[in-house]
Amino acid sequence: MKTILASLLLLAPLSQAAEPLPNPLIDYPQFRKIVAEVQPVRERRRVTEEQFAAMAAEPGTVVLDARSADKYALRHIRGAVSLPFTDFTAESLARVLPAKDTRVLIYCNNNFLGAPRALASKAAPASLNISTYIALATYGYTNVYELAPLLDVKTTKLPFEGSEMQAVHR
């Protein structure tokens with residue numbers, strides 16, 4: 001009985017509404033606000049495979065791969081710049097994106113089937129495209145486009161490069 005009572009007392013503070021613990025470097029309400037503002041813009045900025053390829057070929061456009069460095073090394077869209085999502089800061093983004101209005105194209109694992117090592121699918125709500133789009137908007141990037149469709153790596157017109165591709169061509 002004492003053990004049960006002690007357990008309940010330990011859990012009690014977790015179930016009661018408590019004052020938020022202050023941390024000026026974590027702002028969930030602002031995150032939610034940005035998500036709501038970005039959602040309709042993002043929907044209009046999701047592009048087809050053909051649009052993505054045409055835009056990627058235009059001068060001044062940056063194709064950003066926010067996947068991990070090891071997945072990028074295995075396989076990425078030719079010409080893409082690697083900046084893992086976990087490394088996003090104002091400074092690191094400024095190094096790869098020349099201006100806040102630079103046209104940025106993004107893609108992620110969930111855009112491709114057929115390369116499970118390099119492009120392993122995530123749970124749909126955890127798709128890196130979503131997080132990347134929101135983060136870029138949070139940092140003030142205003143010209144971001146997202147590859148929309150799910151494509152097969154064997155039939156896509158988007159060219160890949162990386163060590164996985166070298167193994168395919170041997």
- prompt: For segment 112-158, which residues satisfy the criterion of being among the aromatic types (Phe, Trp, Tyr) and in contact with a Phe, Trp or Tyr (Cβ under 8 Å, 6 or more places away or on another chain)?
  reply: 139, 145
- prompt: Residues in segment 92-111: is at least one of a type outside the set (A, V, I, L, M, F, W, C), outside any loop (DSSP other than H, G, I, E, B) and more than 18 Å from residue 149 (Cα to Cα)?
  reply: yes
- prompt: In segment 83-119, what residues are farther than 16 Å from residue 131 by Cα, in contact (Cβ under 8 Å) with a residue 12 or more places away in the chain and hydrophobic (A, V, I, L, M, F, W, C)?
  reply: 96, 97, 112, 113, 115, 118, 119
task: Would you check if there is a residue in segment 118-136 being surrounded by fewer than 18 Cβ atoms within 10 Å (Cβ to Cβ), in a loop (DSSP other than H, G, I, E, B) and either over 15 Å from the mean Cα position of the chain (by Cα) or modelled with pLDDT under 95 (or both)?
output: no
- prompt: Is one or more of the residues making up segment 159-166 without any contact (Cβ under 8 Å) to a residue 24 or more places away in the chain and either of a type outside the set (A, V, I, L, M, F, W, C) or not in a loop (DSSP other than H, G, I, E, B) (or both)?
  reply: yes
query: Does residue 111 satisfy being crowded, with 19+ Cβ neighbours inside 10 Å, in contact with a Leu (Cβ under 9 Å, 6 or more places away or on another chain) and farther than 25 Å from residue 30 by Cα?
result: yes
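The values are calculated or read from the model by the stated rules, or taken from the named source; none is laboratory data. Note that the coordinates shown come from a computational prediction; the quantities given were computed from them, not determined experimentally. Quick reminder, even Gly has a Cβ in these numbers, built from the backbone with ideal geometry, and neighbours come from all protein chains shown.
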